[in-house]
Amino acid sequence: MSDTDTSNKTYWKSFRELGKDPDVLEQLKHEFPADYDEPSSGASSMTRRTFIGLMAASAALAATGCRRPEQQIVPYVRKPEYLTPGIADQFTTAFTHQNFAAGLLVRSREGRPVKIEGNDLCSISGGKAMPLTQASLLSLYDPDRMLRPTVHDSDSTPLNAMRRMADAVREVTGKGKSVRIIVDEHASPSLARLYGELEAMIPNTRVVTWPAIAAGGAAEASRQLLGIDAVLVPDLSRADVILGVESDFMGTDPEALYHIRNFAKRRKPETGAPDMSRFYSAEAAMTMTGSNADTRIRIRPGEIDEFLLALLHEVVAAKGRGGFDSAIVSQLSGADNSRFPEIRRIAEDLTSKPSVVMVGRHLPVHTHALGIMLNQALGAIGDGGIIDPKRALPFSNAKTAGIEALKKELQSGSVGAVIFADVNPAYALPSETFRSLISRVLYRFSLSEYAGETSKFCSIFVPVNHYLESWGDVRMLDGSEAVVQPQIAPLNDGQPSMADTLMGIARAFDAKNFEATPTWYEYVQKRWREERFAGSGRPSFTGFWNDALRSGRIDASPVPRSVSWNGAAAAAQLRTAVGKASTQQKGMTLGVLPSSTLYDGRYANLGWLMELPDPVTKVTWDNVAIMSRTTAVRLGVETGDLLHVKTKAGAVHLPAFIQPGVADDTIFTQTGFGRSEGGRVSADKGVNAFSLMPGPDTIGYLPVSVEKTGETLEIATTQDHHSLSGDDLYDIDRTEIVKEGTLAAFLKNPASLYKNDLPVYGAEKNTDRPISIMPEHDYSKGHRWGMTIDTSACVGCNACVIACVSENNIPVVGKEQVLRGREMHWIRIDRYYAGADDSPETLLQPMLCQHCEKAPCENVCPVAATTHSPEGLNEMTYNRCVGTRYCSNNCPYKVRRFNYLNYHKDDREPVNMVFNPDVTVRMRGIMEKCTFCVHRINEAKFHAKNEGRDMLHDGEVVTACQQACPADAIVFGNTNDPESAVSKHRASDRGYHVLRELNVLPSITYKAKIRNTNGGNA
Amino acid sequence: MRTVTDKHRQDSWNIEGGGALAVDPHDLREPLVEGTPKPADVTETVSRVVESKPTRLWYATVTVTGALAGWGILTILYTVFTGIGVWGNNQPVGWAWDITNFVFWIGIGHAGTLISAILFLFRQKWRTAINRAAEAMTIFAVICALIFPIIHTGRPWVAVYWLLPLPNQMEMWVNFRSPLLWDVFAVSTYFAVSAMFWFVGLVPDFATLRNRAKNKIARIAFTFFSMGWTGANRHWHRYEKAYLILAGISTPLVLSVHTIVSFDFAVSVIPGWHTTIFPPYFVAGAIFSGFGMVLTLMILARKLLNLEQFITVKHIENMSKVLMATGLMVGYAYGIEFFIAWYSGNPYERFVFINRAFGPYSWAYWTMVSCNVFIPQLFWFRGIRRNLLITWIISIFVNIGMWFERFVIIVTSLHRDFLPSSWGMFTPTWVDVSIFAGTVGLFLTLFLVFAKYLPVLAISEVKGILPGAQPKHGHH
């Protein structure tokens, strides 16, 4: 029953005979009331009258029955060249997340991008992509992005808007006032060049970088101590010992993708290959990265400096004075290491092996300085070292000073016009701060992908293109470069890119500006011709350019940087640190950290990200006040109690959320939520944590007062807190679910992973198959699909979840449905805790359909809608499913998902263009679950058949989750082939089947989690 | 040929036939009919209900129950047109009130056939006063039950016929390994046989009503349904044989239906469901709940329809005894489940039972145990068994307890199974409540219509147990 009229002729006719109430007729046309927005049980939006009306209408409709929406397909009249219907095309481009860029491969079907994957030729992405990157596809089709330019709130054209902005610029510069263009962090050399030229072309103009998440510590410390004004990026694959100091380098840091890839390389020990790095984490927050630590030390926020000082003291003591002068060494003598009993062992570990210290991005300059001093003492910094100055985030120079200078200018009234170029300070600053900053600026303009909060304060607003619609380029952290090429013509017809708009303003200001390169495309190409083609030795630029587009990257010599150690600056920072450490903070502390799913809220309008469970808390659709149980008891609150959280900058209401592992007397919350003008999906989801931050940094710690409001808020988590041998009542042994052990114990006796005397299963060799009443399947011919998942490598980054959502058209169901437990994700990251509440060990287990050989779901389906394939897949036939949900009830892993409502019904145009045409969009009343990407298997088989092969090569089929996993924890393939990667992984001594004792014979073999704890058997 | 038992019975009947002044009340059975009504009085009493105009009370009650049923139907339509999402079901609780209600109503439906078939075969003469109403109740309960397997599916418009093994051009058959399919066969067979049994029993009474009918429509209807019954000896002969055969067919069905319904759970792998005790446990529970509902309705009906003479306190007491016996069986099953959960050493199974009794749904569990095990213990006292008000209240508790039994089995097993990561909670919505209330309304409406328009007692059979009636039939 769509709202197209083709199928409805009969029902209009029959209805007129039944009832003449025009209200009812109107209701009928939409099937649901007009205010029926989110899929809901309807209880809230339905009045008694509409309900009765609907029922009458339903009775009338019963004759016509429930039909699926009818849609028409139209063949090409003239087939476009290079485009075969049904065959996907892949084009390279690149994604920029703040200063971090990585190459992408975007899959397009019939001209529209349907999936974002990493470019495997790119040294940084290695074919992988993080959740935010993958989800950016959805924003391409976000209807809330489809806006018109406005001048004084009336519709305009981009050209007119540019002309008006240029007029304003001319007016204010004529009066001697200045123009400021505020931009976000980026990784584009062409943009950097453009910004420089803009400053030269327009008088009194400067371009200031002011990101929403402003954290200047790392770059500033590096600038002062090392003489390198950039954020250096260590190569974790080369470190034997890593110490993270509240560093979420695999979670919220923009370069997390790079770190996960390198970290995971050293986290997969086997009996024959025992190499494994060791990771300590000392933190107050429970970060995703910290939850992966072999040893996690819970410290208070105020103890971070003390911890580092004590450690530095130990390291310097062990290594000798190193390069440090006496100004440094003398200050360390007072360090108190008695409070951290672990510190001597950590120091011994760090000093005896190649090691590195990572400091959290939100921490202040002096803390980063301590980190740099430690790394310097450990010998980690230097050419060819773990921290090689050649590897740095591009354009990641310290920005705090520039931002502070701009603030002063704005307040002084010397700035006549401000152009907010895809930045949103009205959201990222406390509203009082923002208002006071702009109050003396005459003209305020906004160029933005979404309308955003800032546009409300601007007289001219120009919507700008999505990166998948525009040209551009990026520089990656290793110096290589890539071209950003558009994948599709702008969906919002005639919409310019941000760079084009800025160039347009400059041209309207003076026609001579950008005469040679009137478009951004030409501008980018010109830079490439001048900076990259010249000296490449290639005969033609066209060939060079096309190769760059095809491979998605070019090598470029890294920006030369050299370390010049500044001992005086180090000593000064050390003095600050010692001073801070000695002044103990009293009372509650608030930590504002970037959201693991939304980051700074730029993509808050993407349902995929909103519904993505936070890797640690598993909360969706909200940000929460995370606190330890002790803190909660002290405050007298429970999870869900709404708190009045007040800092000197502002106050918000946040629901309390009790989280194991968090430091006491500390509350953490995340940025990215609480958008008011971010679009319909993000509206009123959570609260804006930026409003609590007075600046200059918009993340970090500050004192806070917390009061109970007496109200409560339901928090939609996808997983409640259940430790494996948890609370008293449920003290049960579930060791068959997750297996773990220490590296030393595993190497000594691999069987130590298996308790309860069950035979080692993963090795298959020892296994006597228990008898079963179910008939055996014959898999001897052809393929037999299987998967292995390494829980030791998995860090819980959620890349697989978003990959699956994007690949398999999984609907976003909304907070209310998540509260009811109806989220639709086919793969989820199960998280279990072991040990004490305040210092838990975390176990992660990606859980998806196990494709059991003796699948309990298959037996119980009365209509045979879920059946077994000859290749070992547990198949779901949507057409046949009547929705008894018996299969789901009987699934021991609870991985089946039921369409309780028509979740795609409210998809607005053009969101439906994001669907993967290879996968059915499921209607309500149907069960669904992981298919092992059967459409990818079939696609590979078509190609194999064309080549005359029956069998697929190993690695020819890559499931979406496997493709996305930055840790390479997932391996998929043909287990009938003993030489396939999956067969080899299945033979690992770490292999086990979840719930093996049920004898359902899953096709997924998990590999046990190994902790490389110091001291072996701990 | 007359056995000793027969002789004894005849003697006792003779004595009873002689009047209430029995020689020694401890030796003798209580009369099944109070007073000394003549056969014509039976006809008159029962037929008068059918032939008189409905009372205001009847209209008022039917309006209420009918409105409830109508509301239920509207909410069912709402569900069908919106999706199962309007209920509280979720992951992991795929089944909740829907299947709880299904099993509850199927259980209610057990008493009728048990009374009419098994008690018939065991020659429990006291059944005659209640069998007609109990059978009607069975049929109405099964109608209520049948609603749920259809509407609980996500796509009922195809489930309606895809669940049946209908030949089709795709050669797509149902999955004969699925207990849900066994349910389809078991429940439909049960419904068909029960309905036939009930109808056959009604034929002589239809003829009686036909003969008395003054209203034209009534006469045509009763003429049609009495199928040319004249009361001829040959008719009676055939009738008795048919009745006996149907009783024979029905008897295994009483046991099989709930056995198969219990397979829905017992055949699964879910701890708390995967239990071999389920078939006998479910059958006992079904009889328990069925008798509970019979008591609830009969105590009211005998009062409202002036049938105290025929449905005597003895009947009520007998049913109370059955209730207590089956309640003890159910209690035994509750206990043995816990024992096995502990004895098996299966951690998941242990957890499920600890969670049932002490977890978030412990209130439901203890409601169930209180209503089904503790409260029926009052029936040890004869005074309570013969106190109609207390018995009626206890029967209501049994109804509540048995609904909760199914809720406990279904929801508490599902909400926390193997992987703690996927544990959840179930909360019903207003639609869940409405649909259940709707089936209660439908059940009561159907029963009220039956009680008004059909002979609520088996006239011909009751005549056979009138004082002095039996010995005159010397046809053994």
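The values are calculated or read from the model by the stated rules, or taken from the named source; none is laboratory data. Being a predicted model, the structure only gives us computed values, none of them experimental. Note that each Cβ is placed from the backbone with ideal geometry, even for glycine, and that neighbours are counted across all protein chains shown.
Worth a mention:
- Scanning segment A:867-878 for residues that are in contact with a strand residue (DSSP E or B) (Cβ under 9 Å, 6 or more places away or on another chain) and in a loop (DSSP other than H, G, I, E, B) yields A:Ser869, A:Glu871, A:Gly872, A:Leu873, A:Thr877, A:Tyr878.
- Checking each residue in segment B:201-229 for being in contact with a helix residue (DSSP H, G or I) (Cβ under 8 Å, 6 or more places away or on another chain), at pLDDT 90 or above and of a type in the set (Val, Ile, Thr) picks out B:Val203, B:Thr223.
For (1) more than 9 Å from chain B (Cβ to nearest Cβ); (2) part of a loop (DSSP other than H, G, I, E, B); (3) closer than 20 Å to A:Glu858 by Cβ; (4) under 27 Å from the mean Cα position of the chain (by Cα), each residue gets a yes or a no:
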{"site": "A:Arg880", "(1), (2), (3), (4)": "no, yes, yes, no"}
{"site": "A:Cys887", "(1), (2), (3), (4)": "no, no, yes, no"}
{"site": "A:Val895", "(1), (2), (3), (4)": "no, yes, yes, yes"}
{"site": "A:Glu909", "(1), (2), (3), (4)": "yes, yes, no, yes"}
{"site": "A:Asp918", "(1), (2), (3), (4)": "yes, yes, no, yes"}
{"site": "A:Val921", "(1), (2), (3), (4)": "yes, yes, no, yes"}
{"site": "A:Arg924", "(1), (2), (3), (4)": "no, yes, no, no"}
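- Of note, A:Ile715 satisfies the criterion of being over 23 Å from A:Glu449 (Cα atoms) and in contact with an Asp or Glu (Cβ under 7 Å, 6 or more places away or on another chain).
- Residue in segment B:304-323 that is exposed (fewer than 15 other Cβ atoms within 10 Å of the Cβ) and in a loop (DSSP other than H, G, I, E, B) present: yes
- Residue match in segment A:490-512 (condition: surrounded by 19 or more Cβ atoms within 10 Å (Cβ to Cβ) and of a type in the set (Asp, Glu)): yes
- Within the set B:Trp392, B:Trp430, B:Trp403, the sole residue that is over 26 Å from B:Val294 (Cβ atoms) and among the hydrophobic types (A, V, I, L, M, F, W, C) turns out to be B:Trp430.
- The residue of segment A:837-869 that is nearest to the other protein chains (Cβ to nearest Cβ), among those that are in contact with a Lys or Arg (Cβ under 8 Å, 6 or more places away or on another chain) and surrounded by fewer than 20 Cβ atoms within 10 Å (Cβ to Cβ), is A:Ala864.
So that you can scan it fast, the table gives a plain yes or no per residue for (1) among the polar types (S, T, N, Q); (2) farther than 21 Å from A:Phe263 by Cβ:
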{"residue": "A:Leu332", "(1), (2)": "no, yes"}
{"residue": "A:Ile343", "(1), (2)": "no, yes"}
{"residue": "A:Val359", "(1), (2)": "no, no"}
{"residue": "A:Leu370", "(1), (2)": "no, yes"}
{"residue": "A:Leu378", "(1), (2)": "no, no"}
{"residue": "A:Lys390", "(1), (2)": "no, no"}
{"residue": "A:Ser396", "(1), (2)": "yes, no"}
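- The set of residues from segment A:344-367 being surrounded by 24 or more Cβ atoms within 10 Å (Cβ to Cβ) and either in contact with a Cys (Cβ under 9 Å, 6 or more places away or on another chain) or of a type in the set (D, E, K, R) (or both) comprises just one member, A:Arg361.
- For the condition outside the structural domain of A:Asp184 (by TED's automatic domain parsing), closer than 26 Å to A:Pro694 by Cβ and surrounded by fewer than 23 Cβ atoms within 10 Å (Cβ to Cβ), A:Gly601 does not qualify.
- For segment A:976-1008, the candidate set comprises residues that are farther than 24 Å from A:Pro775 by Cα and of a type in the set (Lys, Arg); within that set, the residue that is nearest to the other protein chains (Cβ to nearest Cβ) is A:Lys1007.
- Yes/no for B:Trp366 being part of a helix (DSSP H, G or I), without any contact (Cβ under 8 Å) to a residue 24 or more places away in the chain and within 14 Å of chain A (Cβ to nearest Cβ): no
- Candidate set from segment A:182-224 (those that are hydrophobic (A, V, I, L, M, F, W, C) and in a loop (DSSP other than H, G, I, E, B)); member that is farthest from A:Asp253 (Cα to Cα): A:Ile202
- Every residue from segment B:412-437 that is surrounded by 23 or more Cβ atoms within 10 Å (Cβ to Cβ) and more than 10 Å from chain A (Cβ to nearest Cβ): B:Thr412, B:Ile435
- The helices (runs of 4 or more DSSP H) found wholly in segment B:60-155 and carrying at least 1 residues that are closer than 27 Å to B:Pro179 by Cα, modelled with pLDDT of 90 or more and within 13 Å of chain A (Cβ to nearest Cβ) occupy B:97-108, B:131-151.
- Test: B:Ile409 is part of a helix (DSSP H, G or I), farther than 22 Å from B:Ser262 by Cα and of a type in the set (A, V, I, L, M): no
- Of the residues screened, A:Gln817 is one that is within 10 Å of chain B (Cβ to nearest Cβ), farther than 27 Å from A:Lys739 by Cβ and among the polar types (S, T, N, Q).
- Taking segment A:571-647 and the strands (runs of 3 or more DSSP E) fully enclosed by it, no element has 3 or more residues that are in contact with a Cys (Cβ under 8 Å, 6 or more places away or on another chain).
- Tally of residues being assigned to a loop (DSSP other than H, G, I, E, B), more than 10 Å from chain B (Cβ to nearest Cβ) and not hydroxyl-bearing (Ser, Thr, Tyr) across segment A:792-814: 12
- When segment A:389-437 is limited to residues that are of a type in the set (Asp, Glu) and touching a strand residue (DSSP E or B) at 6+ places or on another chain (Cβ under 8 Å), the one that is nearest to A:Ala689 (Cα to Cα) turns out to be A:Asp422.
- Scanning segment A:825-836 for residues that are assigned to a loop (DSSP other than H, G, I, E, B) and within 9 Å of another protein chain (Cβ to nearest Cβ) returns no hits.
- From the options A:Pro759, A:Pro696, residue that is in a loop (DSSP other than H, G, I, E, B), closer than 25 Å to A:Glu432 by Cβ and modelled with pLDDT under 85: A:Pro696
- Annotation: of all residues in segment A:160-176 being touching a helix residue (DSSP H, G or I) at 6+ places or on another chain (Cβ under 7 Å) and surrounded by fewer than 22 Cβ atoms within 10 Å (Cβ to Cβ), the one that is nearest to A:Phe915 (Cα to Cα) is A:Arg163.
- B:Trp173 vs. criteria surrounded by fewer than 21 Cβ atoms within 10 Å (Cβ to Cβ), within 9 Å of another protein chain (Cβ to nearest Cβ) and assigned to a loop (DSSP other than H, G, I, E, B): yes
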